[in-house]
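Down below is the structure, laid out as structure tokens.
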Amino acid sequence: MMAKEINSLKLVVPTEFLPIGSVIKVDFIEQAIMIYGRKQQQAGTDKVWDYVACPFPQGHISEETNVFIDHESIEEVVFKGLETEGELELRERLKKAFE
């Protein structure tokens with residue numbers, strides 16, 4: 001019989017930014033959410049969040065369904081978005097800009 005770990009479909013939560021399109025779970029929302037923006041300022045506040053996300057699979061419905069989170073709130077990565085050379089370069093620039 002195969003070990004439970006071998007059959008696991010969970011992805012490791014990386015320490016760096018996740019790509020746009022990544023689907024994640026956080027502890028304060030039961031439904032999965034999809035990242036569609038990074039380093040976003042929530043309207044009416046001075047706070048810059050690591051990510052803005054929307055419900056998955058519904059997608060962005062309205063501003064009321066936006067979910068602003070920081071990286072440490074991510075409990076599980078369900079799906080990791082596309083990583084191209086351009087994505088990797090942009091993430092490196094974001095990392096340097098916000099260090």
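The values are calculated or read from the model by the stated rules, or taken from the named source; none is laboratory data. Source: prediction; values computed, not measured. As a convention, Cβ positions derive from the backbone with ideal geometry for all residues, glycine included, and neighbour counts pool all protein chains shown.
Okay, here's what the table says:
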item	result
Residues located in region 65-99, provided they are of a type in the set (S, T, N, Q), in a loop (DSSP other than H, G, I, E, B) and closer than 15 Å to Gly37 by Cβ	Asn66
Residue check for Asp50: under 24 Å from Leu88 (Cβ atoms), touching a strand residue (DSSP E or B) at 6+ places or on another chain (Cβ under 9 Å) and charged (D, E, K, R)	yes
Selection count where residues are in a strand (DSSP E or B) and either surrounded by 11 or more Cβ atoms within 10 Å (Cβ to Cβ) or at pLDDT 95 or above (or both), scope region 10-64	25
Ile74 being within 23 Å of Val12 (Cβ to Cβ), hydrophobic (A, V, I, L, M, F, W, C) and surrounded by 10 or more Cβ atoms within 10 Å (Cβ to Cβ)	yes
